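Report on the structure given below.
The values are calculated or read from the model by the stated rules, or taken from the named source; none is laboratory data. Because the structure is a prediction, the values reported are computed rather than measured. Here the Cβ is made from the backbone with ideal geometry for all residues, glycine too, and neighbour counts use every protein chain on show. These area figures cover heavy atoms from the full protein model, side chains too; ligands, DNA and RNA do not enter into them. Shrake-Rupley method; radii C 1.70, N 1.55, O 1.52, S 1.80 Å.
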Amino acid sequence: MTTTVSDFMRKKIETIGESESVQESARKMKEKNVSSLLVVGKDGNPKGLITERDLVRKACINDIRLSTVTNRELMSSPLITIDSRESPSIAADLMLQNSVRHLLVVDKSTSNADRPIGILTPLDFTRYQEVKNEDVDKDDIAKILEYYL
């Protein structure tokens, strides 16, 4: 049986509104113990992703008053997605090629192919490392874990 992204992705995606402040994003990340939040518009559709890295690199080092900046201004966009049926090595390659730490997982076989069903981070690969699978390039996964953790 081949392991796919859906086997080890996190199914719970925390969201936040695009017009809320990045200070509120930081609070929510701490409260939910996550490193990213899916930024959604008023219609509930995904607009971008705000990560701890965004907060540090775009706000903190520029001495920006976090309560006055919205998620829309700081979020990473466009969203980088991967199909839930892809392999872990494809996911690792995609992270490395795009220099990202978070991939939104979608199910392209459904009518809501753009709707995220999960999220994948380098920490999720640690669970994958225990899986025995000859079809996967574990060197790619080791690279992403080494680079990001």
### Summary
Over the range 13-25, the set of residues surrounded by fewer than 16 Cβ atoms within 10 Å (Cβ to Cβ) and without any contact (Cβ under 8 Å) to a residue 40 or more places away in the chain is THR15
### Residues of the range 91-107 that turn out to be open to solvent by 60 Å² or more (accessible area, probe 1.4 Å) and within 19 Å of LEU38 (Cα to Cα), as a count
3
### Task
Output the residues belonging to the range 26-42 that are surrounded by fewer than 19 Cβ atoms within 10 Å (Cβ to Cβ) and of a type in the set (S, T, N, Q).
ASN33, SER35
### Leading residue by the ranking (least open to solvent (accessible area, probe 1.4 Å)) among those in the range 108-127 that are charged (D, E, K, R) and more than 14 Å from PRO46 (Cβ to Cβ)
ASP124
### Task
Could you grab me the full set of residues in the range 43-63 that are farther than 12 Å from SER25 by Cα, open to solvent by 80 Å² or more (accessible area, probe 1.4 Å) and charged (D, E, K, R)?
ASP43, ARG57, ASP63
